[in-house]
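S.K.: Have a look at the structure that comes next, please.
The values are calculated or read from the model by the stated rules, or taken from the named source; none is laboratory data. All figures in this text were calculated on a predicted structure; none of them were measured in a lab. Positions of Cβ are generated from backbone atoms using ideal geometry, with glycine treated the same way; all protein chains shown enter the neighbour counts.
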Amino acid sequence: MKMIQVESYEKLSRLAADIIGAQVLLKPSCVLGLATGSSPLGTYENLAARCREGLLDFSQVRTVNLDEYCGLTPDNPQSYRYFMDQNLFSKVNVDPANTHLPNGAAPDMEAECERYEALVEGLGWPDLQLLGIGHNGHIGFNEPAEDFPTRVHTVRLAESTIRANSRLFDRPEDVPTMAVTMGIGAIMKARRVLLIAGADKAEIVEKAFHGPVTPQVPASILQLHRDATVILSRS
Ligand code: F6R
């Protein structure tokens, strides 16, 4: 795997947008696996600017997001669907019908997991999967566990994840404790993986990519990916 260190979050965001932009130019109908959270915000801003300037065309791009909170409807401002609409989809010329997230408010979550797994497989798995990383090493919401969960599944979020996510909610009791996430299988089947991490993630990046491969640090599995790039910013 390739580890790139850059000076700042701005540089990380530009470089990540360069890589994603190159993917879109090479294959205009590519499948992009996308993430939410603070890490990709700058990347999405860069992609939106390039699209506005006519340098990138998302009209044929298909997207699949990693995860969604359970219990939140897509119109809930805290949902990941809302986040993606606000921060990327409404700012590029992607066809909304080609943007996919798991439905965290589905009446039957087991059926929803099967539907989403089949959808991602039907699209031929991501050409490029963008990832952030949790302080505990999670990717998507694959939390530290006894084994690597392969398929789309629902998960009880780790206490540290709930605490980290609570910064975005007004009241602690509103923070969802369950999520639905792509498994490690879909992430590993992506043709290319790009993980972006701010300076506050330096410790877990070291552990994940220079330590043993273990489901206790889910991101460590990426050491076995055929084409994984990690961009870490120093500040
Ligand atoms: C979000 C996701 C999570 C985040 C991770 C880091 O879709 O899959 O794994 O990437 O929790 O979040 P931030 O970027 O907010 O530090």
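The rows are residues; the columns are (1) within 11 Å of the ligand (Cβ to nearest atom); (2) at pLDDT 95 or above; (3) within 25 Å of Glu121 (Cα to Cα); (4) over 18 Å from the mean Cα position of the chain (by Cα).
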site	(1), (2), (3), (4)
Pro172	no, no, no, yes
Thr181	yes, yes, yes, no
Ala186	no, yes, yes, no
Arg192	no, yes, yes, no
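S.K.: Between Leu72, Leu47, Leu12, Leu88, which is touching a residue at least 60 places away in the same chain (Cβ under 8 Å) and under 25 Å from Ser235 (Cα atoms)?
M.R.: None of the other options fit; the residue is Leu12.
S.K.: Could you tell me whether region 183-191 includes any residue that is more than 23 Å from Arg14 (Cα to Cα), in contact (Cβ under 8 Å) with a residue 40 or more places away in the chain, touching a strand residue (DSSP E or B) at 6+ places or on another chain (Cβ under 7 Å) and in a loop (DSSP other than H, G, I, E, B)?
M.R.: Among the residues of region 183-191, at least one is more than 23 Å from Arg14 (Cα to Cα), in contact (Cβ under 8 Å) with a residue 40 or more places away in the chain, touching a strand residue (DSSP E or B) at 6+ places or on another chain (Cβ under 7 Å) and in a loop (DSSP other than H, G, I, E, B), which makes the answer yes.
S.K.: If you don't mind, there's one more thing I want to ask. Can you pull out every residue in region 18-53 that is within 16 Å of the ligand (Cβ to nearest atom) and touching a Lys or Arg at 6+ places or on another chain (Cβ under 7 Å)?
M.R.: Asn46
S.K.: Could you identify the single residue in Gly124, Gly134 that is assigned to a loop (DSSP other than H, G, I, E, B) and under 17 Å from the mean Cα position of the chain (by Cα)?
M.R.: Being assigned to a loop (DSSP other than H, G, I, E, B) and under 17 Å from the mean Cα position of the chain (by Cα) holds for just one of Gly124, Gly134, which is Gly134.
S.K.: If the Cβ limit is 6 Å and pairs must be 6+ apart or interchain, which residue in region 211-222 that is closer than 13 Å to Ala145 by Cα pairs with which residue that is in a strand (DSSP E or B) and of a type outside the set (D, E, K, R)?
M.R.: Going by the 6 Å Cβ cut-off, the qualifying pairs are Pro218/Ile139; Pro218/Asn142; Ala219/Ile139; Ser220/Thr214.
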